[in-house]
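Student: Below is a structure I'd like to ask you about.
The values are calculated or read from the model by the stated rules, or taken from the named source; none is laboratory data. Note that the structure is predicted; figures quoted are calculated from it, not measured. Don't worry about glycine lacking a Cβ; one is built from the backbone with ideal geometry, like all the others, and counts go over all protein chains shown.
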Amino acid sequence: MSASTVDVRLGWAFHATIPREVVTSARPLNRDELRGAFRISVLRGVNYWPRTALVNGAGTGLVEITLDRQKWVWLGPLRAPIRRLIVSAEDQSGLVAALNTSPLAPDHPTL
């Protein structure tokens, strides 16, 4: 993550470079929110629903990133639009804090 972009990758299966200015909010997801039709807490890898991408290697530390407008991302060799991105992070609170600060702040290390 830099002052101007958020770069999310998972091997060959997912790649997104999102301008920081389109990030509306970032918040931690708790376990109760992960239950439901899709059972997000048990899914791993790259999953996609209309305008939502889940990119995770773990069922914990999930962060929901909401965008103010549609951005196109790479799902393997295909492009898809998103407005919501859910990622797993080793430092969930650090990622949330970094994304909710001004994009004019100095570069942050990759999270």
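Student: Only residues in the range 87-111 that are part of a helix (DSSP H, G or I) count as the first member; pair them with residues that are at pLDDT below 55 and surrounded by 16 or more Cβ atoms within 10 Å (Cβ to Cβ), Cβ under 6 angstrom, at least 6 apart or cross-chain, and list the lot.
Tutor: 95/111; 98/108
Student: Give the residues of the range 27-61 that are hydrophobic (A, V, I, L, M, F, W, C) and at pLDDT below 70, sorted by residue number.
Tutor: 34, 37, 38, 40, 42
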